[in-house]
Amino acid sequence: MTAHTDTRAAYAIVGTIDDIPAQGARCVTMGETRVAVFRTADDRIFALEDRCPHRGGPLSQGIVHDGCVTCPLHNWVISLQSGRATGADDGATCTFDVRLEGRTIHLAMRAND
Amino acid sequence: MAKTRLVIVGNGMAPGRMLEHLFEAAPEAFDVTIFNAEPRVNYDRIMLSPVLSGEKTYDSIVIHGDDWYARHGVTLHKGQRVTGIDRVARTVTSDAGVSAAYDTLVIATGSDPFIIPVPGRDLPGVRAYRDLDDVEAMLAAADRGGRAVVIGGGLLGLEAAAGLRARGMDVTVLHLTPTLMDRQLDPAAGYLLEKALTARGIEIRCGADTKAILGDTRVTGVELKDGTVIDASLVVMAVGIRPNTLLARAAGLEVNRGIVVDDGMVTSDPAILSLGECAEVGGRVYGLVAPLYDMARVAADRLTGGDAAFRHSEVPTKLKVTGCDLYSVGDFADGPDREEIVLRDAARGAYRRVVLKDNRIIGAVLYGDTADGAWFNDLLKKGVDVSGMRETLIFGQAFQGGGQMDPVAAVAALPDDTEICGCNGVCKGRVVAAITEKGLTSLDDVRAHTKASASCGSCTGLVENLMSATLGDAFNANAVKSMCGCTPLGHGEVRRLIKAKGLKSIPAVMQELEWSTSGGCAKCRPALNYYLVADWPGEYEDDGQSRFINERVHANIQKDGTYSVVPRMWGGLTSAQELRAIADVVEKFDIPTVKVTGGQRIDMLGVKKEDLPAVWADLGQAGFVSGHAYAKGLRTVKTCVGSQWCRFGTQDSTGLGVKLERFLWGSWTPAKVKLAVSGCPRNCAEATCKDVGIVCVDSGYEIHYAGAAGLDIKGTEVLGLVKTEEEAIEVTAALIQMYREQGYYLERIYKWARRVGYQVVREQILEDAGKRREYYDRFVLSQTFAQSDPWSERVSGKDKHEFKPLAALQPELV
């Protein structure tokens with residue numbers, strides 16, 4: 001795996017979009033942190049810390065739909081874009097920048113503030 | 001007192017309804033014999049179109065099954081045509097040589113389809129649209145594909161065309177006059193209808209006069225008088241019916257267009273009544289079901305000594321083509337003494353026309369939005385002077401007397417004698433009374449008690465609104481609640497349309513049923529995935545991304561994100577070798593907790609996701625398959641030790657439990673399914689709170705179902721007693737298959753059974769051996785695709801991406 005820097009943060013190549021099922025997720029471990037990398041039905045890629053803001057459920061195991069993921073533990077719906085809980089629920093999980101170059105996925109090594 | 005010998009010629013809907021009234025009023029008074037030229041029991045003929053389009057099955061439109069005739073001691077001669085009536089000797093004789101003597105005879109021979117006398121009309125491939133044989137012939141033709149030509153653009157013809165189109169045929173409708181359904185619709189509404197049908201891919205040719213049907217050995221096309229030739233592999237004639245009066249005429253009864261009867265349905269011979277499409281009363285013959293049911297009521301009343309009389313009333317027409325809403329009632333021909341009010345809303349494709357005479361409504365046509373049909377019909381029937389509301393009349397009921405009403409409030413505001421169900425002549429007051437007096441809470445209860453919405457079903461929405469208005473929050477609108485925010489459709493409607501439209505993938509469902517989101521949500525996707533798995537075994541490819549994580553990785557997710565693994569222990573039995581293998585796995589993978597579950601199995605808790613394939617590989621080596629402890633599917637079959645060890649056990653309950661589990665495992669169901677088999681009525685396996693429970697008794701196996709011991713606690717209902725293990729297994733599998741086909745996703749068996757009715761389940765699974773066998777066979781077919789161990793599939797590499805991280809990064813290296 002190669003790491004490289006750009007102006008804002010260090011990015012790492014973690015795989016290709018084909019490694020993730022459409023409307024699914026795969027995890028990347030980053031030291032102690034687990035990052036869930038999501039692929040939507042229309043092939044957009046998002047990355048969130050793999051912890052639901054509610055009870056820490058593994059978001060990577062949820063159902064992906066319409067730019068959101070539903071947590072498998074208690075059905076909170078988290079926006080992939082913002083990491084925020086939607087609807088009546090309140091809370092957010094960390095987001096990570098992620099870029100697609102061709103089919104290659106570049107993941108920021110640091111969470112957004 | 002000797003019973004009256006009542007003989008009935010014909011077994012259609014009218015005499016069927018008459019018998020219902022009769023058995024209710026005087027259950028013991030009649031000894032009934034029926035001759036039926038069709039080789040069938042009584043079925044709902046107005047539902048043939050949904051059968052043709054695939055929205056219903058023949059089984060679901062049977063009104064009286066064989067058991068009904070048996071229960072009422074009726075002698076039914078199926079497939080026998082009556083050839084003669086001897087009015088002096090008071091006997092009838094059939095073509096099979098059977099004769100029967102009567103005190104009273106009822107002629108209900110119905111009508112025959114009219115076949116236009118053109119060359120080629122007898123060719124194979126030319127059908128009328130009248131009975132189930134016609135529907136079956138059309139379905140067979142649709143299987144071969146090609147083009148169907150439907151002659152006749154009336155109600156039946158258009159329903160046939162829509163059905164054949166839904167079955168994948170190219171369809172052309174030929175209609176003699178310039179607009180469709182010209183007997184019920186005015187030209188503007190006819191035009192809108194034509195546009196809507198054309199948009200569904202049905203070719204409409206109005207002003208088309210058929211000259212000949214072409215073909216040598218079977219039909220190949222239709223030639224019009226203008227010389228046009230249209231290819232066709234099927235021609236359906238739906239140009240009208242005429243009363244079948246041959247028998248009555250030969251017997252010397254008075255006959256005009258139909259068999260002449262008085263307003264008590266009595267013919268020119270006082271010992272003979274006639275009703276249905278063959279009868280002519282007040283100079284009119286009828287083809288719609290509402291007046292025929294009215295005749296049935298009158299005839300039954302007369303037979304039991306009453307003096308009811310048949311009165312003509314206008315009957316609304318509705319088209320049973322999904323997505324084409326039209327409603328027409330009364331007279332709307334132009335005339336000098338008539339005025340009309342018209343509303344057109346081109347954007348919505350809606351059209352309304354009300355015809356007035358002396359400030360009273362005499363006709364109404366609604367197209368597009370038909371919700372106000374009942375209200376207009378009510379004003380028409382009562383002859384209400386509408387001059388006070390002329391300005392807003394056309395906008396419908398909501399605009400009368402102030403602000404907009406929601407549909408429930410609108411129904412609440414209707415007077416008690418407003419007709420709700422046109423087919424069965426049920427008024428609002430009767431529905432409300434039944435709901436409040438009998439404590440009805442479901443649509444099916446209301447159907448069962450009042451018959452409202454039980455025939456063509458087009459008033460279902462009205463009945464549901466009426467239930468909401470009457471019960472308030474107590475109306476559990478399960479049947480109408482939408483699946484989720486992505487669609488206004490309820491589960492039942494979605495299941496029906498998946499079948500009707502032959503939808504075989506989640507994207508196809510979302511496209512065709514106009515999902516409002518691009519990819520569904522976590523509520524609808526698992527439900528759709530299940531419906532498709534259940535409805536198209538072997539054809540539909542399971543969508544793992546639409547399953548909850550438990551089913552996707554075949555283990556239960558726990559609160560800390562680890563998983564628990566439960567291997568199958570058939571009927572609760574295990575062995576030293578199995579226990580040793582489990583112990584080894586627990587040690588090898590450092591599994592923190594091992595527990596015996598409520599369903600007599602061993603649960604290993606706290607397994608890391610990445611270890612799952614290896615855990616399964618080891619368990620698989622020892623002969624275990626997945627216990628599906630995570631599944632909306634068959635989970636456990638709990639047992640006691642039964643006759644093998646217990647001093648009270650009457651049968652081998654453990655053995656039966658093992659057989660059941662080995663047969664049923666792997667099947668997906670709307671919600672989890674748990675079974676138990678108890679060896680005696682002491683019920684140590686607690687079978688009487690399970691989805692299906694079997695209690696062994698000396699004389700056999702008592703089958704229970706619809707129990708619950710979760711969020712709700714409910715004892716089982718008894719389905720019945722069977723003699724052998726084989727029967728117990730067949731009944732159980734058939735019951736589960738019926739639930740698989742009808743249940744809403746996440747609806748447990750006890751809720752499903754309450755919704756469809758225990759009596760319906762009993763009739764189909766226990767009393768009707770043929771139907772039971774069909775469910776059983778469909779279950780067996782489905783199992784040939786379902787019964788594969790998901791663990792061994794994962795061990796052999798399926799979905800292996802699930803279990804390994806995409807990458808492991810070390811932040812300090814950057």
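Numerical summary
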read-out	value
Unique match (being crowded, with 24+ Cβ neighbours inside 10 Å and at positive phi) among B:152, B:145, B:163, B:125	B:152
Test for residue B:299: is it in contact with a strand residue (DSSP E or B) (Cβ under 6 Å, 6 or more places away or on another chain), part of a helix (DSSP H, G or I) and within 25 Å of residue B:22 (Cα to Cα)	yes
Residue match in the range A:32-55 (condition: among the hydroxyl-bearing types (Ser, Thr, Tyr), part of a strand (DSSP E or B) and more than 9 Å from chain B (Cβ to nearest Cβ))	no
Candidate set: the range B:310-339, residues that are polar (S, T, N, Q) and closer than 17 Å to residue B:46 by Cβ; chosen: the one farthest from the chain's Cα centre (by Cα)	B:328
Residue within the range B:32-50 that is farther than 25 Å from residue B:154 by Cβ, in contact with a His (Cβ under 8 Å, 6 or more places away or on another chain) and open to solvent by 30 Å² or more (accessible area, probe 1.4 Å) present	no
Residue within the range B:511-525 that is touching a strand residue (DSSP E or B) at 6+ places or on another chain (Cβ under 6 Å), open to solvent by 30 Å² or more (accessible area, probe 1.4 Å) and either more than 8 Å from chain A (Cβ to nearest Cβ) or assigned to a loop (DSSP other than H, G, I, E, B) (or both) present	yes
Subset tally (residues that are out of contact with any Asp or Glu (no Cβ under 9 Å at 6 or more places or on another chain), at pLDDT 95 or above and not in a loop (DSSP other than H, G, I, E, B)) for the range B:97-123	5
Some residue of the range B:727-744 being in a helix (DSSP H, G or I), without any contact (Cβ under 8 Å) to a residue 60 or more places away in the chain, under 29 Å from residue B:60 (Cα atoms) and open to solvent by 10 Å² or more (accessible area, probe 1.4 Å)	yes
Criterion violated by residue B:249 - all others in (1) open to solvent by 30 Å² or more (accessible area, probe 1.4 Å); (2) assigned by the TED database to the domain that holds residue B:139 satisfied	(2)
Filter pass, residue A:15 being at the interface with another protein chain (Cβ under 9 Å from one of its Cβ atoms), more than 13 Å from the chain's Cα centre (by Cα), open to solvent by less than 20 Å² (accessible area, probe 1.4 Å) and at pLDDT 90 or above	yes
All positions within the range B:526-544 that are open to solvent by 20 Å² or more (accessible area, probe 1.4 Å) and either over 20 Å from residue B:484 (Cα atoms) or assigned to a helix (DSSP H, G or I) (or both)	B:533, B:536, B:537, B:538, B:539, B:540, B:541, B:542, B:544
Any pair with Cβ under 8 angstrom, 6 or more apart, that starts in the range B:29-58 at a residue that is under 15 Å from residue B:135 (Cβ atoms) and in the same structural domain as residue B:74 (by the TED database) and ends at one that is open to solvent by 20 Å² or more (accessible area, probe 1.4 Å) and aromatic (Phe, Trp, Tyr)	B:43/B:58; B:51/B:58
Test: residue in the range B:394-407 that is modelled with pLDDT of 80 or more and either within 30 Å of residue B:43 (Cβ to Cβ) or charged (D, E, K, R) (or both)	no
Which listed residue, of B:766, B:656, B:664, B:721, is among the hydrophobic types (A, V, I, L, M, F, W, C) and over 29 Å from the mean Cα position of the chain (by Cα)	B:656
Complete set of residues in the range B:779-797 that are aromatic (Phe, Trp, Tyr) and open to solvent by less than 30 Å² (accessible area, probe 1.4 Å)	B:779, B:791
Failed condition for residue B:806, given (1) of a type outside the set (D, E, K, R); (2) in contact with a Gly (Cβ under 7 Å, 6 or more places away or on another chain); (3) away from chain A (no Cβ under 14 Å)	(3)
Qualifying residue in the range B:164-173 (condition: of a type outside the set (Lys, Arg), within 25 Å of the chain's Cα centre (by Cα) and closer than 21 Å to residue B:114 by Cα)	yes
Scope the range B:526-570; condition at the interface with another protein chain (Cβ under 10 Å from one of its Cβ atoms) and either farther than 21 Å from residue A:70 by Cβ or among the small types (Gly, Ala, Ser) (or both); matching residues	B:544, B:546, B:561
Filter pass, residue A:10 being away from chain B (no Cβ under 11 Å) and open to solvent by 10 Å² or more (accessible area, probe 1.4 Å)	no
Enumerated strands (runs of 3 or more DSSP E) restricted to the range B:315-370, each holding at least 1 residues that are of a type in the set (D, E, K, R)	B:339-345, B:350-357, B:360-367
Residue within the range B:25-37 that is in contact with a Gly (Cβ under 6 Å, 6 or more places away or on another chain) and not charged (D, E, K, R) present	no
Matching residues, the range B:545-559, being part of a loop (DSSP other than H, G, I, E, B) and free of Cβ contacts under 8 Å to residues at least 12 places away in the same chain	B:559
Test for residue B:100: is it open to solvent by 50 Å² or more (accessible area, probe 1.4 Å) and in contact (Cβ under 8 Å) with a residue 60 or more places away in the chain	no
Criterion (within 14 Å of chain A (Cβ to nearest Cβ) and exposed (fewer than 15 other Cβ atoms within 10 Å of the Cβ)) met by exactly one of B:723, B:800	B:800
Search result, residues across the range A:72-94 that are more than 9 Å from chain B (Cβ to nearest Cβ) and surrounded by 21 or more Cβ atoms within 10 Å (Cβ to Cβ)	A:76, A:78, A:80, A:83, A:93
Verdict on residue B:266 being open to solvent by 20 Å² or more (accessible area, probe 1.4 Å) and in contact with a Gly (Cβ under 8 Å, 6 or more places away or on another chain)	no
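Each row is one residue, and each column tells you yes or no for (1) assigned to a loop (DSSP other than H, G, I, E, B); (2) closer than 25 Å to residue B:375 by Cα; (3) open to solvent by less than 10 Å² (accessible area, probe 1.4 Å); (4) in the same structural domain as residue B:288 (by the TED database).
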site: B:423; (1), (2), (3), (4): yes, yes, no, no
site: B:437; (1), (2), (3), (4): no, no, no, no
site: B:456; (1), (2), (3), (4): yes, yes, no, no
site: B:461; (1), (2), (3), (4): no, yes, no, no
site: B:465; (1), (2), (3), (4): no, yes, no, no
site: B:470; (1), (2), (3), (4): no, yes, no, no
site: B:494; (1), (2), (3), (4): no, no, yes, no
site: B:502; (1), (2), (3), (4): yes, no, no, no
site: B:507; (1), (2), (3), (4): no, no, no, no
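The values are calculated or read from the model by the stated rules, or taken from the named source; none is laboratory data. Keep in mind that this is a model prediction, so the values were computed, not measured. In this analysis, Cβ positions are derived from the backbone assuming ideal geometry, glycine residues included, and neighbour counts consider all displayed protein chains. Please note that ligands, DNA and RNA were not included when accessible areas were found on the heavy atoms of the full protein model with its side chains. Shrake-Rupley method; radii C 1.70, N 1.55, O 1.52, S 1.80 Å.
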